[in-house]
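The values are calculated or read from the model by the stated rules, or taken from the named source; none is laboratory data. No experiment lies behind these values; they were computed from the predicted model shown. Reconstructed Cβ throughout: ideal geometry from the backbone, glycine too, with neighbour counts over all protein chains shown. All accessible areas refer to the heavy atoms of the entire protein, side chains included, with ligands and DNA or RNA removed. Shrake-Rupley method; radii C 1.70, N 1.55, O 1.52, S 1.80 Å.
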Amino acid sequence: MAYIFNSARSFAEESTAGFVDLYSDILRAVPGGVARATRTPAGQVAVVIGGGSGHYPAFGGLVGAGLAHGAALGNVFASPSALQIYTVAKSVENGGGVLLSYGNYAGDVLNFTQAQDRLRAEGIPCETVRVTDDISSADASERERRRGVAGDLAVFRIAAAAAAAGASLAEVVALAQRANERVRTLGVAFGGATLPGAEEPLFTIPAGRMAVGMGIHGEPGIGEDNLLPANALAALLWDRVRAEAPAGTGARAVVLINGLGSVKHEELFVLYREIRLLAERDAITIVEPEVGELVTSFEMAGVSLSVFWVDAELEALWATPAHAPAYRKGHALVVGERVTEAEALAAVTRTTEASAESRALAPLAGRLIAVIADTVDEHVDELGRLDAVAGDGDHGIGMQRGSRAAADSVDAALADGAGLASLLSAAGDAWADRAGGTSGALWGTILTSVGRELGDTEVPDAARLARAVTAASDAVMRVGGAQPGDKTMVDALVALAESFAAEVASGASLEDAAVAASAHSTTVARATADLLPRMGRARPHAEKALGTPDPGAISLALIATAIARAATPQTTAIKENS
């Protein structure tokens, strides 16, 4: 369990604050995460990594000379938001473009892709390399679906070393991809982690047993086995990883022995010795190995083996110096001047312009966002119970964090003269930023898509409001990949958008259209109880979810219903300005 914390909700922020204080000679706090204390050399590719908190030294501990330029840090076990990733990237980019690299998890893919799109829209070259080293998470024929675990270090190191050597963005990407193609990982778990404030671990394993291939968030592995002595455990890990050696690799490999939280160094040393003997048996030369904590999961009891088959170029890059809080090799020269507070602020500041008519309507949108937050507060426990059936039970908490952050952003946006689009964009950024994870990104997408369609200059009529809801529905399907029938929030959102558009097109009043559409969305959301999940984190637990409606669909329907009720006396403002 976590022994030292004030509040589970503020744990990640307070941990990051202490971390930055401790290592202020190496890094600095930036909106969304941390960055090197020094400015990125002009024209150098900026390597930006990230993921959820709770995995130290991933990801903030891997920021520094010879490693990442910045890291976006999400909430505990939740991906950073697109805004966090974007602002970290803006804080470190200096003319050479940006490489985004991270473990291949649905929420991270969604948020990093949105950040990449935003950077590219601003003319900043940006590419992505996802780490997919965990052999237990998908078959070899579907490597693109595998998770990223301790192999992150190999990919991040190679990318950063290449960037420091002056490689172009295309060259850095190619080398990072080559590293990812040559690293394989398998882990075992003996016991689960308990999140700060939680009373029970994420999972338990029977005494005398171990889970083979268990993920760092408690994702299911490939089976259980009896506890094994060190030599037999080493053989299990080595032989399975060795069997996946990429075609054409040589006889030189980096070995990474990773403790997942409560398996300590002395035990890891025993395992390393056994792995070295197996490597000698198979005529594999181990190159500059690493033994310690590389990617953890609080106090999760477990260990993983990563093998990174190197060629001459990769081996040379791996051997270069590095100086980060959690990883140091040789003597890395820290290059560049420290970044000032004014420069950091200028990198992420944005300005907006809106018409007087749109500014006059913005407070109405702000009041409806407050209704959303109040609705989530009312149902937070219910949403958590629904999510606990096939997830980790944090949907209610995540929705609460996001919706409350969106509501809290309203006053500042209004003070800046925001119109409808600007206010909804600020609220969407705040929601996605504070909630993190997949649902945070999708709700951020909903608000920003609606705002983009409504604009900052015109007064919307009912038809335009219908187009805005449809635009949000289309955007969520595009960025999230889900379709109706997959048992996600998309089921309720598409039903809402289609019903609202049809009601408006038939001549129904705005009030009646909203009430009818929200009722239809609620019916569809409840009917997801009869579906098996085909997307999202509930997919591996599909049978457990049968009979329970999707929490994301339910939360969307609850919000749509609350907005329809609250908007009925408010819509006169829109009509009078139309």
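Residues that are more than 28 Å from the chain's Cα centre (by Cα), in a loop (DSSP other than H, G, I, E, B) and touching a residue at least 60 places away in the same chain (Cβ under 8 Å) within segment 247-296 comprise Thr249, Gly250, listed in sequence order.
In segment 75-94, the residues that are more than 27 Å from Ala8 (Cβ to Cβ) and of a type in the set (A, V, I, L, M, F, W, C) never reach a residue that is open to solvent by 10 Å² or more (accessible area, probe 1.4 Å) and in a helix (DSSP H, G or I) with C-beta atoms less than 8 angstrom apart, at least six apart or across chains. Just one of the listed residues (Ala501, Ala542) is part of a helix (DSSP H, G or I), at negative phi, of a type in the set (A, V, I, L, M, F, W, C) and modelled with pLDDT of 95 or more, namely Ala501.
So which pairs qualify, if the first residue must be in segment 452-475 and touching a residue at least 60 places away in the same chain (Cβ under 8 Å) and of a type in the set (S, T, N, Q), the second must be open to solvent by 40 Å² or more (accessible area, probe 1.4 Å) and in a helix (DSSP H, G or I), the Cβ gap must be under 9 Å, and the two must be at least 6 apart or on different chains? Qualifying pairs under 9 Å: Thr457/Glu357. With respect to the stated conditions, Ile216 fails to be of a type in the set (A, V, I, L, M, F, W, C), over 25 Å from Tyr327 (Cβ atoms), open to solvent by 10 Å² or more (accessible area, probe 1.4 Å) and assigned to a loop (DSSP other than H, G, I, E, B). Against the conditions (1) farther than 20 Å from Gly51 by Cβ; (2) touching a Ser or Thr at 6+ places or on another chain (Cβ under 7 Å); (3) at pLDDT 95 or above, Thr185 satisfies every one except (1). In summary, Glu267 fulfils each of the numbered conditions (1) surrounded by fewer than 17 Cβ atoms within 10 Å (Cβ to Cβ); (2) closer than 17 Å to Phe190 by Cα; (3) at pLDDT below 95 with the single exception of condition (3). Residues of segment 200-213 that are outside any loop (DSSP other than H, G, I, E, B) and open to solvent by 30 Å² or more (accessible area, probe 1.4 Å): Arg209 alone.
In this structure, does Gly197 turn out to be in contact (Cβ under 8 Å) with a residue 24 or more places away in the chain, open to solvent by less than 10 Å² (accessible area, probe 1.4 Å) and within 29 Å of Glu299 (Cα to Cα)? Spelling it out, it is not the case that Gly197 is in contact (Cβ under 8 Å) with a residue 24 or more places away in the chain, open to solvent by less than 10 Å² (accessible area, probe 1.4 Å) and within 29 Å of Glu299 (Cα to Cα). Among the candidates Arg130, Arg120, Arg143, Arg184, the residue that is out of contact with any helix residue (DSSP H, G or I) (no Cβ under 6 Å at 6 or more places or on another chain) and assigned to a strand (DSSP E or B) is uniquely Arg130. For segment 1-21, taking the residues that are open to solvent by less than 60 Å² (accessible area, probe 1.4 Å) and of a type in the set (A, V, I, L, M, F, W, C), the one that is farthest from Phe77 (Cα to Cα) is identified as Val20. Answer yes if at least one residue in segment 12-22 is free of Cβ contacts under 8 Å to residues at least 12 places away in the same chain and closer than 23 Å to Gly107 by Cβ, and no otherwise. Looking through segment 12-22, at least one residue is free of Cβ contacts under 8 Å to residues at least 12 places away in the same chain and closer than 23 Å to Gly107 by Cβ. Reported count of residues in segment 404-424, each being in contact (Cβ under 8 Å) with a residue 60 or more places away in the chain and assigned to a helix (DSSP H, G or I), is 4. Within segment 128-140, the only residue that satisfies the criterion of being without any contact (Cβ under 8 Å) to a residue 24 or more places away in the chain and within 21 Å of the chain's Cα centre (by Cα) is Ala138. Of all the listed residues (Ala441, Ala468, Ala430), the sole one being in a helix (DSSP H, G or I), open to solvent by less than 10 Å² (accessible area, probe 1.4 Å), out of contact with any strand residue (DSSP E or B) (no Cβ under 7 Å at 6 or more places or on another chain) and within 19 Å of Val371 (Cβ to Cβ) is Ala468.
If only residues of segment 115-127 that are open to solvent by 40 Å² or more (accessible area, probe 1.4 Å) and touching a residue at least 12 places away in the same chain (Cβ under 8 Å) are counted, the one that is nearest to Arg143 (Cα to Cα) is Glu127. Among the residues of segment 136-157, write down those that are aliphatic (A, V, I, L, M) and crowded, with 22+ Cβ neighbours inside 10 Å. Correct list: Val149, Ala150, Leu153, Ala154, Val155.
Before we move on, is Val494 of a type in the set (A, V, I, L, M), part of a helix (DSSP H, G or I), within 23 Å of Leu424 (Cα to Cα) and at pLDDT 95 or above? The answer is yes for Val494.
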